[in-house]
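Heads up: the structure comes next, in structure tokens.
The values are calculated or read from the model by the stated rules, or taken from the named source; none is laboratory data. What you see is a predicted model, and the numbers here were worked out from it, not measured in a lab. Methodologically, a virtual Cβ is constructed for each residue, glycine included, from the backbone with ideal geometry; neighbour enumeration extends over all protein chains shown. SASA here: full protein model, heavy atoms, side chains in, ligands and nucleic acids out. Shrake-Rupley method; radii C 1.70, N 1.55, O 1.52, S 1.80 Å.
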Amino acid sequence: MPSNKSVSDAPIFQFTNCRILKNHKLQREDLWVREGKILNPEKLFFDEKGSADIHVDCQNNLIAPGFIDTQINGGFGVDFSMAKDDVSSGISLVAQKILSHGVTSFCPTLVTSPPSVYHQILPQIHMADGGLHGAGVLGVHLEGPFISSEKRGAHPERFLCSYEEGGFQDLLETYGSLDKVTIITLAPEIKRSSEVITELVKRRICVSLGHSVANLSQAEEAVKHGATYITHLFNAMLPFHHRDPGIVGLLTSDQIPKGQTVFYGMIADGIHTNPAALRLAHLAHPKGLVLVTDAITAMGLGPGRHPLGQQVIEIEGLNAYVAGTKTLAGSIATMDMCVRHFLEATGCTVESALEAASLHPAQMLGIEHRKGTLNYGADADFVLLDDDLNVQATYIAGNRVWKKDLCTL
């Protein structure tokens, strides 16, 4: 039966012989796509009297929503925080390369830098849909400079800032513009943080708590004013203590406003977070866990020294340190590696591991109606994986944008 073209002339794709992640379960079901969106086959059959134009045999692979990386500093020799006149070319290179990791959308992340760097870089970054050219850009994640000196990690102390005097205006003057910004990481113990968080939330910017010495009360106050995320849980914050668990305590706090979810990033690279800590966080608050790579310039490169913002990073094996120290400075892990390690370390279900890299970041950003799921009407951004969760092919808007060598999908 030919397709009914009364609704659209666009071809209808039917992905068969697959298990798709839908409604939190892997299900033996075909996936239908038209005009870059997931299609409801019942409406196609009964309302349009149509059928598929193109069939794709998925060879019993899994289909999951495309991965979303909300904290990635660069990779493949590119440092997003390095001021230059052609920032877009570096973002384009990384966007193209991470397709092989199953990433279909990402937030380029800038680490603590002087105001002049923000003023030069931010106007050059543009939100964009993904495609053959690379993963889509969802907006910028600004990690610093409004963070704690004590918990700055690899962030250069000389560029740290405070908004104690001018409040939100200080933040605005530091960044120059917030038009392209999706996430801002700040330390909530800085005076006037509640005011700043309120203003950011008004602008639909996700406020994340991190690089901080905040106690639990300060963290809860930030959440009550609209903060909804924690940057790389456990790293660069006070350690959990039974009398005051600090920011970590938000995972089980009873002071979270009704209907609000606190999400938290985890670097599941086997280095930043011990498997026991991964299991603890996941057991305490599984629906809030968001996998991030926190990848730096050296992702995809070999050992040696590489730039990260205003610092120099040294790669030793799988570790990335601030040169001359043992301070961890981001990771060189890829998102598909993080998914596999998270699955192995926690013993969670395959569905949970996949959703931590897709559904949860989409929910955190408030875009779950179009990203992070395979629901009808959502963007047809998805990844094909084998049973060991190795990426076989990546699709954006229903079009294949990357495939593994020798893969016939």
Would you tally the residues in region 363-390 being open to solvent by less than 10 Å² (accessible area, probe 1.4 Å) and in a strand (DSSP E or B)?
-> 4
Which members of region 75-130 meet the condition of being open to solvent by less than 40 Å² (accessible area, probe 1.4 Å) and at positive phi?
-> G75, G102
Which numbered condition E351 fails, given (1) open to solvent by 60 Å² or more (accessible area, probe 1.4 Å); (2) assigned by the TED database to the domain that holds V262; (3) closer than 30 Å to W32 by Cα; (4) not hydrophobic (A, V, I, L, M, F, W, C) = (1)
Tell me, which strands (runs of 3 or more DSSP E) wholly within region 257-344 include 1 or more residues that are at positive phi and not aliphatic (A, V, I, L, M)?
-> 304-308
Answer with yes or no whether V401 is touching a helix residue (DSSP H, G or I) at 6+ places or on another chain (Cβ under 9 Å), at pLDDT 90 or above and assigned to a strand (DSSP E or B).
-> yes
Given the residues T273, T228, which is the only one that is in contact with a strand residue (DSSP E or B) (Cβ under 9 Å, 6 or more places away or on another chain) and under 26 Å from L318 (Cα atoms)?
-> T273
Out of P41, P65, which single residue is modelled with pLDDT of 90 or more, under 31 Å from the mean Cα position of the chain (by Cα) and more than 29 Å from T334 (Cα to Cα)?
-> P41
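Would you confirm whether or not region 99-112 contains a residue that is assigned by the TED database to the domain that holds R34 and free of Cβ contacts under 8 Å to residues at least 60 places away in the same chain?
no
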